[in-house]
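The values are calculated or read from the model by the stated rules, or taken from the named source; none is laboratory data. Here the structure is a predicted model, which means the values were calculated and not measured. As a convention, Cβ positions derive from the backbone with ideal geometry for all residues, glycine included, and neighbour counts pool all protein chains shown. Just so you know, the surface numbers come from the protein's heavy atoms only, side chains and all, with ligands and any DNA or RNA stripped out. Shrake-Rupley method; radii C 1.70, N 1.55, O 1.52, S 1.80 Å.
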Amino acid sequence: MAKINAYLTFNGNCREAMAFYQECLGGELTLQTLGDAEEDIPVELRQVILHAVLVADSLVLMGSDMVGEKGLQRGNSVSLCLNCTGEEEIRRLYYRLSEGGQATDPLEDTFWGDLFGGLTDQFGNHWILNYNRS
């Protein structure tokens, strides 16, 4: 069965926020910048947080500075992230959750090797789904 985690979106202060949450909650914090992921990134964007994860016991809190074109708005600052256990499961959940909503990021293979997609459900909540094939 899929596991659910909170995924927070920030507007340039993800590193600061996640460090604060680590101070409060403990655990191990891992940060990946745009510069870590891509070589051809302009210098001013190299330290932007692409993906952060804080793990403390059973707590998993994730975050990113990667906000969409419309900026932060009600409904997109917190996403529910489903980490799926198989390809059939991620496809089923993606299509079911997007019914009556909007499939914003189709399921696709990513540069990090996972199957990933995003959607906004019929109630205006944002979901991201991931299946790690390794």
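So how strong a dipole does the chain carry about its Cα centre when Lys and Arg Cβ are +1 and Asp and Glu Cβ are -1, to the nearest 20 debye?
460 debye
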Query raised in the report: Taking Cα pairs under 8 Å and at least six residues apart, what relative contact order does the chain come out at, in percent?
Result: 25 percent
Query raised in the report: Taking Cα centroids, how far is the range 1-47 from the range 116-134 in Å?
Result: 18 Å
Requested in this report: Would you please report the Å³ per residue occupied by the convex hull of the alpha carbon atoms in the range 1-75?
Outcome: 120 Å³
Query raised in the report: When only DSSP loop residues count, what trypsin sites (Lys or Arg not before Pro) in the range 34-83 have their Cβ near at most 10 other Cβ atoms within 10 Å?
Result: K70, R74
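How much accessible area per residue does the chain have, counting only protein heavy atoms and a probe of 1.4 Å, in square angstrom? Can you show the working numbers first?
Details: 8420 Å² over 134 residues.
In whole numbers, the chain has 63 Å² accessible per residue.
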Report summary line: Diffing the range 39-46: the Karplus 3J(HN,Hα) column from phi (6.51, -1.76, 1.60, θ = phi - 60°), in whole Hz with x for Gly and Pro, holds 7, 8, 9, x, 3, 5, 9, 4
Query - Where only alpha carbons of the chain are counted, the Rg and the Dmax (Å) - result: 14.9, 41
Query raised in the report: Counting only protein heavy atoms and using a 1.4 Å probe, what share of the accessible area of the chain belongs to carbon plus sulfur, as a whole percent?
Result: 50 percent
Query - Helical contribution to [θ] at 222 nm, DSSP H n ≥ 4, -39,500 (n - 2.57), averaged over the chain, rounded to 500 - result: -6000 deg cm²/dmol
Query raised in the report: How far, in degrees from 0 to 90, does helix 14-25 lean away from the longest principal axis of the Cα atoms of the chain, to the nearest 10?
Result: 90 degrees
**Report entry** Helix 87-98 axis, angle to the chain major axis (alpha carbon atoms, nearest 10°)
**Finding:** 80 degrees
